[in-house]
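Participant: Encoded as structure tokens, here's the structure I'll be asking about.
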Amino acid sequence: MRNLLKETAQRAIAYLEGLESRRVAPDAEALAGLKKFDEPLPDGPVDPESVLRLLSDIGSPATPAMAGPRFFGFVVGGSLPVALAANWLAGAWDQCSTFHRVTPATAVVEQIALSWLLDLLGLPPTCGGAFVTGGTMANFTALAAARHALLTREGWDVEGDGLFGAPPLTVAVGAEAHPTLFKSLGLLGLGRRRVITVPVDSQGRMCPDALPPLSGQTIVCVQAGNVNTGAFDPIVEICERAHDAGAWVHVDGAFGLWASVAPSRAHLAAGLQNADSWATDAHKWLNVPYDSGLAFVRDPHALLKAMAITAEYLPTETTERNPSDYTPELSRRARGVDVWAVLRSLGRSGVADMIERTCRQARRFAEGLENAGYRILNEVVLNQVLVSFGDDTTTNRVIAGVQADGTCWCGGTVWQGQTAMRISVSSWATTDADVERSMEVMLRVAKTENSRL
């Protein structure tokens with residue numbers, strides 16, 4: 001065991017140390033090598049070290065360098081070293097972190113991490129919270145609490161009796177809501193299409209004047225950080241209107257919720273604390289390993305009633321917090337350990353500096369590309385940049401050329417009818433030099449493609 005784990009650690013370290021010099025996208029040879037995995041199931045045991053070598057030698061070169069400093073394709077951060085180390089240690093502990101009585105260490109660490117998060121994000125300290133897999137499950141968990149609370153007011157036990165014959169609930173979302181929100185609504189039986197879509201402005205912000213009639217049977221889903229533009233819905237006004245009518249406000253803040261930590265961006269998150277539930281990801285801007293989502297609910301009882309589990313053989317009776325009473329899963333890894341390690345390591349100022357730095361770097365991308373004559377399609381208020389290099393065909397060619405070059409990786413999107421390259425800056429490892437190096441490639445490729453016109 002010792003030799004296997006030591007070799008694994010050495011290979012993992014070598015992989016991380018090589019991210020600076022390797023291509024961000026795997027090359028054709030590495031992708032072709034994946035065919036070596038396609039073999040019949042062995043008839044008997046195989047030496048574990050040879051299994052590890054195959055996985056490392058063939059798998060590692062075929063991975064995109066998402067953990068590195070120049071992956072800007074999605075809102076993902078590489079893992080901070082302390083987060084990865086804590087993840088390794090928690091993996092060695094191998095705790096099924098369900099009940100405090102069974103796994104006290106991880107239960108306590110998660111509870112402390114949740115309290116720190118509420119403090120850091122400026123949310124009510126009495127909120128209930130849950131560590132889940134990601135944004136989809138965070139939205140699902142928070143909206144399950146919303147469903148419970150609203151139907152309980154109507155005298156309906158949704159956990160016991162389901163939705164058949166239940167009083168109808170209305171869900172209002174912005175026209176630029178993220179698809180994971182719709183998936184969550186579908187899983188909850190509230191329907192992906194049974195929603196009222198509210199118009200948005202040029203940055204994707206919901207127009208409050210276009211809200212439908214609201215009532216105590218309405219859930220309004222707002223967005224903190226549009227996945228293309230980084231824009232925030234006008235949460236203060238929406239919360240005021242919704243709460244006057246008795247409606248529930250849920251915030252999908254997969255990465256935007258972290259803006260409240262950064263002094264220069266906190267104004268974007270004004271009013272977030274007025275909502276009833278929130279969803280975000282730690283594996284985005286907090287830079288912990290996958291998977292790590294977070295759900296918060298103002299009424300912890302509603303979350304508990306929506307998620308708690310009991311059985312004769314389960315040690316559920318305790319005065320302490322059982323993690324599994326607040327999450328969809330019973331069997332679950334101790335995700336909060338990674339989060340606790342980052343918060344303990346960086347502190348409030350360290351997290352703020354990380355958010356501030358990546359926002360500044362996004363602004364530098366926008367300024368450099370705009371000064372070169374290319375059109376920035378969004379107001380760069382956070383860490384997202386949308387750039388057009390001409391017509392749709394030219395922009396797609398530039399995206400393909402940048403990806404093929406391998407220095408950095410950016411993806412494409414269509415924003416309100418126009419094709420754009422999207423640059424998302426959210427990694428702790430990205431330096432100003434990485435930004436300049438990447439921008440040099442973008443401008444070189446764009447110049448080449450535009451010269452063909």
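The values are calculated or read from the model by the stated rules, or taken from the named source; none is laboratory data. Only a predicted model underlies this, so the values are computations on that prediction, with no experimental measurement involved. For neighbour counting, all protein chains shown are included, and Cβ atoms are generated from backbone atoms with ideal geometry for every residue, glycine included.
Participant: Quick check on segment 61-70. Is at least one of its residues more than 28 Å from E436 (Cβ to Cβ) and assigned to a helix (DSSP H, G or I)?
Facilitator: The answer is yes; a qualifying residue exists.
Participant: Does any residue of segment 45-59 turn out to be at pLDDT 95 or above, charged (D, E, K, R), assigned to a helix (DSSP H, G or I) and under 24 Å from A83 (Cβ atoms)?
Facilitator: Checked against the condition, which is being at pLDDT 95 or above, charged (D, E, K, R), assigned to a helix (DSSP H, G or I) and under 24 Å from A83 (Cβ atoms), segment 45-59 yields no hits at all.
Participant: Same structure, new question: Among the residues of segment 100-122, how many are closer than 16 Å to W278 by Cβ and without any contact (Cβ under 8 Å) to a residue 24 or more places away in the chain?
Facilitator: Total meeting the criteria: 2.
Participant: Could you list all residues from segment 185-207 that are closer than 19 Å to S277 by Cα and in contact with a Lys or Arg (Cβ under 9 Å, 6 or more places away or on another chain)?
Facilitator: Across segment 185-207, the qualifying residues are L185, G186, L188, G189, L190.
For (1) at pLDDT 95 or above; (2) within 20 Å of the chain's Cα centre (by Cα); (3) under 30 Å from A65 (Cα atoms), each residue gets a yes or a no:
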{"position": "G256", "(1), (2), (3)": "yes, yes, yes"}
{"position": "Q273", "(1), (2), (3)": "yes, yes, no"}
{"position": "A308", "(1), (2), (3)": "no, no, no"}
{"position": "T316", "(1), (2), (3)": "no, no, no"}
{"position": "V339", "(1), (2), (3)": "yes, yes, yes"}
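Participant: So, in segment 428-453, of the ones that are of a type in the set (G, A, S) and either in a strand (DSSP E or B) or surrounded by fewer than 21 Cβ atoms within 10 Å (Cβ to Cβ) (or both), which residue ends up modelled with the lowest pLDDT?
Facilitator: My answer is S451.
Participant: Next question. Out of the residues in segment 176-227 that are out of contact with any helix residue (DSSP H, G or I) (no Cβ under 9 Å at 6 or more places or on another chain) and small (G, A, S), state the one that is surrounded by the most Cβ atoms within 10 Å (Cβ to Cβ).
Facilitator: If we take residues in segment 176-227 being out of contact with any helix residue (DSSP H, G or I) (no Cβ under 9 Å at 6 or more places or on another chain) and small (G, A, S), then A177 is surrounded by the most Cβ atoms within 10 Å (Cβ to Cβ).
Participant: For segment 124-134, indicate whether the set of residues that are touching a residue at least 60 places away in the same chain (Cβ under 8 Å) and in a helix (DSSP H, G or I) is non-empty.
Facilitator: No, that holds for no residue.
Participant: Tell me whether segment 411-427 contains one or more residues that are assigned to a helix (DSSP H, G or I), touching a Cys at 6+ places or on another chain (Cβ under 9 Å) and either within 17 Å of V76 (Cα to Cα) or free of Cβ contacts under 8 Å to residues at least 60 places away in the same chain (or both).
Facilitator: no
Participant: Inspect segment 109-118 for any residue being surrounded by 19 or more Cβ atoms within 10 Å (Cβ to Cβ), among the charged types (D, E, K, R) and assigned to a helix (DSSP H, G or I) and give the result as yes or no.
Facilitator: yes
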